[in-house]
Amino acid sequence: MSARILVVDDQAANVRLLEARLQAEYFEVCTATNGADALVLAKSEQPDLILLDVMMPGMDGYETCSRIKDDPATRHIPVVMVTALDQREDRIRGLEAGADDFLTKPIDDVAMFARVRSLLRLKEVLDELRFRESSSAMSGIAGELHDDDDLPARVIVVSPDPRATGRLAAAMPTTAISIQINDPATAIAAVRDDADLLIVDLTATDFDGLRLCARIRSDAATRQLPILAVVRPGDVKHAVRALDLGVNDIIQRPVDAGELTARARTLLRRKRYADQLRSHLDQGMEHAVTDQLTGLHNRRYISSRLRQAMDSAGNGGAPVALLLADIDHFKSINDSYGHDAGDSVLRDFSTRLQTGLRALDLAARYGGEEFVVVMPGAGMAEAGIAAERLRSSVAGAGFDLPDGTRIPVTVSIGIAQARRGESVDAFLRRADEALYAAKNAGRNQVQAADNAAA
């Protein structure tokens, strides 16, 4: 895995040493010697990860990290703080400033590259989500992404020792709902039930925590769940193995409650960010194919599905019919009762339209007060029955407006069946001609394309 890494250190010798180590592993490296330059490079170069020294003159690593995480343009970049300091207060301060991890000098190469690759894998997933969200036709529809540490979280704590699970659970943020489990099989079932964080004790000899982590990562339903592993001090082999298996973070025994809380908050914050990206992407995809007023498909989606149905019919598949419906005198409804009343009629009409369709029929708002129904596997007879059923359901009962007023509404409908070799535009045009024939004949009726052409 190659990536661009920004190394920030005021000591030239430290910069050269880290640069050489990283380049030997085929990472691309850019460097800065102070916090101000690091902020500029982080924004302009958009590195995949930042190795940030803590002790720097002027703007130290804590402030630099905090500014990186406060800037929407750079907050997604993982930051690993590198320091000679190894006190709990220093680690907690760095984590609270937004650091994703800590490396203590002298740096162990094996541990460093395991942590770097773990964070790069995570960033790769987030970058893909961010790219899809920004490329969506409706990106940003749900508002800006935000962090909220006050949201409740469901944390699964797993260890064969009930005393250990109790101590780990007690260190969770106050908003967390901690579930203590001593059995791997029970833990697997629990994490599938909408968990936000998994904490696994890897120090027990009678409990294969690594196998549990591997199982969680191999399951599509739990693959994105953050995992925090507890390891023995100095057990680099176990720590590296855990990170390689997909564990997101590790903490050494004896576990400091403050550090555990800070690391848990970091993992939960990162998960919320990813969840928001996925939610925005899902909403963007839905908005791209859905009419927001009526909940029906939109013109873009139905045109694509109509083309597929016609291609199938043209290759010897089932026939396809089309209904094109237009609410009569809709402009007068808006003019007389207001646009809110018009919107209410459109929603009510859409409900009645869907009620009378088969499961495989596809309905869409085609534009304004015009609606289209694609009927795969249907001929003119089936289309005529469906159209008449819709016409009578609309004309048979009034439409209730928001103010309680009930008004009569009718609809005119044109129907057509696709011809072999016919283009989508030509098919729609024939249905449209039938619709206008229904309008010209007095409205509130159904006309077939062949009859209209005659």
Handout entry: Amide H within-cut-off set for residue 229, under 5 Å, with H built and near neighbours excluded
Key = 200, 249, 250, 251
Fill in the blank from the handout: The equivalent-ellipsoid semi-axes of the stretch 1-103, taken as the square roots of five times the Cα gyration tensor eigenvalues and listed largest first in whole Å, are 19, 16, 13
Practice task
Kindly give the semi-axes, whole Å and largest first, of the ellipsoid equivalent to the stretch 379-454, taking each as the square root of 5 times a Cα gyration tensor eigenvalue.
Solution key: 28, 12, 11
Problem - Between the stretch 336-401 and the stretch 185-219, the alpha-carbon center distance in angstrom - result: 51
Exercise for the section: Quick one: angle between helix 209-218 and the longest Cα principal axis of the chain, in degrees between 0 and 90, rounded to 10, please. Expected result: 30
Exercise for the section: Taking H placed 1.01 Å from N in the peptide plane, check which residues at least 5 places from residue 444 or on another chain put their amide H under 5 Å from its amide H. Expected result: 411, 412
Exercise for the section: Order these peptides, 370-383, 96-109, by their mean beta-carbon neighbour count within 10 angstrom, highest first. Expected result: 370-383, 96-109
Practice task
Pop a pseudo-label 7 angstrom from the Cα along the beta-carbon direction at both residue 354 and residue 292 and give the gap in nm to one decimal.
Solution key: 1.8
Problem - Nearest 10 degrees, 0 to 90: helix 35-45 Cα axis against the chain principal axis - result: 40
Problem - Calculated from backbone phi, Karplus (6.51, -1.76, 1.60) coupling profile of the stretch 380-388 in Hz, x at Gly/Pro - result: 5, 5, 5, 5, x, 5, 5, 5, 5
Handout entry: the chain: translational diffusion in µm²/s, Stokes-Einstein, Kirkwood Rh over Cα pairs, 25 °C, 0.890 mPa s
Key = 93
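Readers should treat all values here as calculations from the given coordinates under stated rules, not as data from a laboratory. Because the structure is predicted, anything quoted here is derived from the model rather than measured. FYI the Cβ positions are ideal-geometry reconstructions off the backbone, even for glycines, and counts take in every protein chain you see.
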